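Below is one structure, written out as structure tokens; the observations come after it.
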Amino acid sequence: MSDPIGHLVEFIEKNRVELGLVVAAKKNRLNLLTPAGRQASLALSRVLLMTPASMGVDASRAAQQDYLQQTQQRREELAGQVDVAELWELVHEEEEPLPLKDLAELAFGPSLEQDQVSATLRALFNERTHFRLAGNQFLPFSQEQLEAKAIQAQREAERQAQVDQAVEFLKGLPAEGPCPEPPAELAAQLTDLLVHQEDSPTVKLAKEVVAGAEIGGPKDLLALLVRLGVLPPHANLELLRQGFSAEFPPEVMAQAKALDPAQAGPERTDLTGLDTFTIDGAFTTDFDDALSFEPQDDGGATLGVHITDAGAIMPLTGPLEDEARSRGTSLYLPDDRLPMLPPALSEDQLSLRQGEVRPALSVLARLDPEGRLIDYRLERSLIQVHQRLTYDETDGMLESDERMKGMHRLCHALRQRRLDAGAYFLPLPEVLVGVDPATQEVWVRRVDRNGPSREMVAETAILGNWLFALFLADSGAPALYRIQNKPSEPIEERDPSDIYHHFKQRRLLNRVDITTKPGLHSSLGIHPYTHATSPIRRYLDLVMQRQIGSVLCGGQPLYSKNQLKELAMEVDPTVRRAMKVRQARQRYWLLTWLKARQDQAHPAVVMERQMRRWQLLLTDIMMLVSIPLNQGKDLAPGMEVDLAIERIDPFDDILRVKLA
């Protein structure tokens, strides 16, 4: 090309056509002066149009700038005369890009001026509905493309109107006092943004509304949704994020209400005369297991574990079954309860409530005084719970009630036999967290898992699950077993009060796997082992109970090995998500409890040194925290210290501590 110095060039900058005067050129770059008086460097490949200038580069900078401004204004005015739609009508059947000069001749006639060519460039680029830029030429959109763009433009206009209306509504809210009810669609969009953030299907629109209404960050958005009555002050965002709901669909509720425990079949052993009882927490409302204890003269006893026979009542297909499988487990939270089955079943028709006759799957184990199994039998039974006991009540009965005293002694013998078989006992306190529904006040209670009543409940559940697994293994029926490989390092047990040691030792344990092949559960010292004692709380327990029931009746197993594998693979991710919700909610309320006590010192034990930090365990609430190394130069693992809270925010999951 000829020397470009002294020419006008047009190029795209920040999504618009810009003008420049070439004042110098070197290789493939041009130095420009813009109408704003700015100097710029431009790659030659970016030039869309180059025309001679009527002013030399020797003129003053002020004159050049004035000339550029006048030229730009003239060309913009001429661009307004270009009827782009009419131009498109003339050429829209063309399938190849068209030179700019040809389009300018159609717009202005054959006697073209340079300003008219520039005006055509500006008009086509700015309008963008009928043509698209292809290099330095323009390609007309097809009729179909034009119609699609028109629809898109209409949708965009509607979307913008929606944003404007939402912003107007939010900006019009009173500074204090009651707020009007928000439009349902707006409430859903803002909630989705808060819960799902970038994964929200309407994230772009919701972000525009939040920005336009100057709401602020996520915490401000929650405060707004609370003011509008859309969410409660302590909304469980993780629960919403994971898609769990406390509500059951109408068709599930209808099927649940139609079920009747009396339909569990006539072929049942009547054990209603057996003295059975439940031991649970004070706030438990769904009772899936009951116990019985019949002492023998030789010091042994028949220990009964009676599980509500949900498998005999629950239909194998239908909305209720689909819902139970999709939930996978009951979810117990400090401030909420999400049962796997509707309360009409889990808290009534299938619950082993005191005084009610219920169908059950009973395992009756005859044990000698040392806890050795003499024999056992499984029964499809009818039971009637005579007494509902809490853990505290049961502990209080151990001194005066001979039955409870004998049962505790035998359960302790069962525990010792598991210990002799290689079980590990690494008890850690359990932290119970609750929230007063009226005041939202948090209470925290640390419970000793080694308490007598809790030991009895744990040992009878382990006994029941072991014998259920043994029954299935002996019968050759497919089953889901729980196995745990032995740890790679020896486990060393110490005094139960040594929290530091037991916490460290627990990290050596392998995960528990679900498999169709029986094997050792190393930490329990049991072989084989399954889960079938909580059929109204855990779906896979329900599946195993059905399998046991079908074999016990002399029929074929309901589930094949492949079906069991598929069910386990389907349910396991859901259960993991539920546990994630539970852990997040427990932590939220523990941080809320700590926040109310942030001026106090909190006991902790030093766990280990990690890179540049010390890890510690807050022993009152069994929560791990960390501090920088420079705060604790004299610390050592196992040392007991007091910690002070530096910063705490339950919403953002922030807890920073320091040595008190």
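All of the numbers you see were taken from the coordinates with simple rules; none came from a lab. Remember, it's a predicted structure, so these values are computed and weren't measured experimentally. Note: ideal-geometry Cβ built from the backbone for every residue, glycine included; neighbour counts use all protein chains shown.
Where the centroid of each part is defined by its Cα atoms, how far is region 404-443 from region 79-134 in Å?
82
Using amide H atoms built 1.01 Å from N in the peptide plane, name the residues 5+ places from Ile526, or on other chains, whose amide H lies under 5 Å from its own.
Counting only residues 5 or more places away or on other chains, the set is His521.
Checking a compactness column here: for region 597-659, what do you get for Rg(Cα) / (2.2 N^0.38 Å), N being the number of residues?
Against the empirical 2.2 N^0.38 Å value, I get 1.04 for region 597-659.
Give, in nm to one decimal, the length gained when the segment between Asp495 and Ala644 is fully stretched (0.36 nm per residue of separation minus the Cα-Cα distance).
Gain in length upon complete extension: 50.8 nm.
What longest range of the chain stays clear of loop-exposed trypsin sites (Lys or Arg not before Pro) (DSSP non-H/G/I/E/B, at most 15 other C-beta within 10 angstrom)? Walk me through the numbers on the way to the answer.
Numbers: sites that count: Lys14, Lys27, Arg38, Arg128, Arg372, Arg449, Arg494, Arg507, Arg511, Arg597, Arg612, Lys633.
After excluding every exposed loop site, the longest remaining stretch is 129-371.
Kirkwood Rh and Cα-based Rg: tell me the resulting Rg over Rh for the chain, rounded to two decimals.
1.18
Could you line up Trp443, Trp614, Trp589 from fewest to most neighbouring Cβ atoms inside 10 Å?
Final ranking by Cβ density, sparse to dense: Trp443, Trp589, Trp614.
Dividing the Cα convex hull volume of region 454-554 by residue count, how many Å³ per residue is that?
Convex hull of Cα atoms, per residue: 113 Å³.
Counting other Cβ atoms within 10 Å of each Cβ, which GluC sites (Glu not before Pro) in region 219-279 have at most 13 and sit in a DSSP loop?
Glu247, Glu267
Output ³J(HN,Hα) for region 615-623: one whole-Hz value per residue in order, computed from phi by the Karplus curve 6.51 cos²θ - 1.76 cosθ + 1.60 with θ = phi - 60°, and x for Gly and Pro.
9, 10, 10, 6, 6, 5, 10, 6, 10
Convert 4 °C to kelvin, take the viscosity as 1.567 mPa s, use the Kirkwood radius over C-alpha pairs of region 144-231 as Rh, and evaluate the Stokes-Einstein diffusion coefficient in µm²/s, rounded to a whole number.
Numbers: Rh = 13.9 Å.
In µm²/s, the coefficient rounds to 93.
What FRET efficiency comes out for the pair Arg29/Asp572, r = Cβ-Cβ distance, R0 = 56 Å, nearest 0.05?
Efficiency, rounded to the nearest 0.05: 0.35.
Under the Karplus relation 6.51 cos²θ - 1.76 cosθ + 1.60, θ = phi - 60°, what is the ordered set of whole-Hz ³J(HN,Hα) values for region 372-377, x standing for Gly and Pro?
6, 7, 7, 6, 8, 9
Only counting other Cβ atoms within 10 Å, I'd like Met404, Met55 sorted with the fewest neighbours first.
Met55, Met404
If a/c stays under 1.5 just call it rounded; otherwise compare a/b with b/c (prolate if a/b is bigger, oblate if not). Do that for region 114-182, with a ≥ b ≥ c from the square roots of the Cα gyration tensor eigenvalues.
prolate
So for region 148-265, averaging the separation of alpha carbon pairs under 8 Å that are six or more residues apart and normalising by length, what relative contact order in percent results?
Relative contact order for region 148-265 comes out at 23 percent.
Which cross-chain or sequence-distant (5 or more) residues have an amide H under 5 Å from the amide H of Phe293, H modelled 1.01 Å from N in plane?
Here the answer is Gly304, since their amide H atoms fall under 5 Å of that of Phe293.
List, in order, the whole-Hz ³J(HN,Hα) value for each residue of region 643-653 obtained from phi through the Karplus relation with A = 6.51, B = -1.76, C = 1.60 and θ = phi - 60°; use x for Gly and Pro.
The phi angles translate into 10, 10, 8, 8, 8, 8, 8, x, 5, 8, 6 Hz.
To the nearest 20 debye, what charge dipole does the chain have about its Cα centre, counting +1 at the Cβ of each Lys and Arg and -1 at the Cβ of each Asp and Glu?
The calculated dipole for the chain is roughly 2140 debye.
Which one, Ala477, His7, Gln615, is farthest towards the positive end of the dipole of the chain when Lys and Arg carry +1 and Asp and Glu -1 on their Cβ?
My answer, from the dipole projection, is Gln615.
Calculate the length of the line joining the C-alpha centroid of region 1-65 to that of region 224-244, in whole Å.
If we compute the Cα centre of each part, the gap is 57 Å.
Given a cut-off of 20 Å, name the pairs among Lys633/Lys658; Lys504/Lys595; Lys204/Lys580; Lys517/Lys565; Lys486/Lys580 whose C-alpha atoms lie farther apart than that in the structure shown.
Numbers: Lys633/Lys658 13 Å; Lys504/Lys595 28 Å; Lys204/Lys580 28 Å; Lys517/Lys565 11 Å; Lys486/Lys580 26 Å.
Pairs exceeding 20 Å: Lys504/Lys595; Lys204/Lys580; Lys486/Lys580.
What nm value, rounded to one decimal, do you get for the distance between Arg155 and Asn630 when each label is placed 7 Å out toward the C-beta?
5.5
Antiparallel versus total DSSP beta bridges in the chain: what percent is that, nearest 5? Mind showing how you got there, number by number?
Working: 90 of 98 bridges.
Around 90 percent of the beta bridges assigned by DSSP in the chain are antiparallel ones.
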